[in-house]
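Working notes, structure below.
The values are calculated or read from the model by the stated rules, or taken from the named source; none is laboratory data. Keep in mind the model is a prediction, meaning the values are calculated, not measured. All Cβ positions, even for glycine, are placed from backbone atoms using ideal geometry, and neighbour counts span all protein chains on display. Only protein heavy atoms, including side chains, enter the accessible area calculation; ligands, DNA and RNA are left aside. Shrake-Rupley method; radii C 1.70, N 1.55, O 1.52, S 1.80 Å.
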Amino acid sequence: MDAKGSGNIGRYLNHSCMPNVFVQNVFVDTHDLRFPWVAFFAQTYIIAGTELTWDYNYDIGSVEGKIKYCYCGSLKCRGRLL
Ligand SMILES: C[S@@+](CC[C@H](N)C(=O)[O-])C[C@H]1O[C@@H](n2cnc3c(N)ncnc32)[C@H](O)[C@@H]1O
């Protein structure tokens, strides 16, 4: 998945270590495993106006020379995205 060239509103969802949304592949127009739709589902009741966030689940340290700090501000913040 690469939203660099094009994408939809999903590209604006930020990461949180305590997210209110989770992501799951669903198969809508084909059962070909290479072409899932990436769907977001609420994992808790979300009050209108609350920012939607999901857990990017990146492997910290997996990109050599790249450090990305997490600013989600949650109580369970892991401190880094990458
Ligand atoms: C898919 S974009 C999310 C939308 C982005 N914030 C924007 O304004 O376009 C992913 C990027 O947002 C930033 N980001 C998202 N969640 C973050 C977080 N919890 N802490 C720090 N940066 C975050 C990082 O730079 C990350 O690479």
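Can you tell me the accessible area per residue over the chain, all protein chains present, probe 1.4 angstrom, in square angstrom? Mind dumping the intermediate values first?
Numbers: 6710 Å² over 82 residues.
Ligands and nucleic acids excluded, the result is 82 Å² per residue.
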Query raised in the report: When you count, for each residue, the other Cβ atoms within 10 Å and take the mean per peptide, how do 62-72, 16-26 rank with the highest first?
Result: 16-26, 62-72
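Cβ under 12 Å from TYR69's Cβ, TYR69 left aside: what net charge do those residues give with Lys, Arg +1 and Asp, Glu -1? Please report the intermediate quantities before stating the final value.
Numbers: positive: LYS66, LYS68, ARG78, ARG80; negative: none.
Neighbourhood net charge equals +4.
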**Report entry** Using θ = phi - 60° and Karplus 6.51 cos²θ - 1.76 cosθ + 1.60, couplings along segment 36-49 (whole Hz; Gly, Pro as x)
**Finding:** x, 8, 9, 10, 10, 10, 5, 10, 7, 5, 10, 5, 3, x
Requested in this report: Note the direction-averaged projected area, equal to a quarter of the hull surface, for the Cα convex hull of the chain, in nm².
Outcome: 7.1 nm²
**Report entry** Estimated vicinal HN-Hα couplings, Hz - segment 58-64 in sequence order (Karplus 6.51, -1.76, 1.60; Gly, Pro = x)
**Finding:** 5, 7, 4, x, 7, 10, 4
Query raised in the report: Which whole-angstrom value gives the distance between the alpha carbon centres of segment 41-82 and segment 1-37?
Result: 15 Å
**Report entry** Inter-label distance for THR50 and ILE67, nm, one decimal - labels placed 7 Å from Cα along Cα-to-Cβ
**Finding:** 3.3 nm
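Expressed as a whole percentage, what fraction of the accessible surface of segment 9-54 belongs to carbon and sulfur atoms when a 1.4 Å probe is rolled over the protein heavy atoms? Could you put the intermediate results ahead of the total?
Numbers: 2120 of 3520 Å².
Carbon-and-sulfur percentage of accessible area, whole number: 60.
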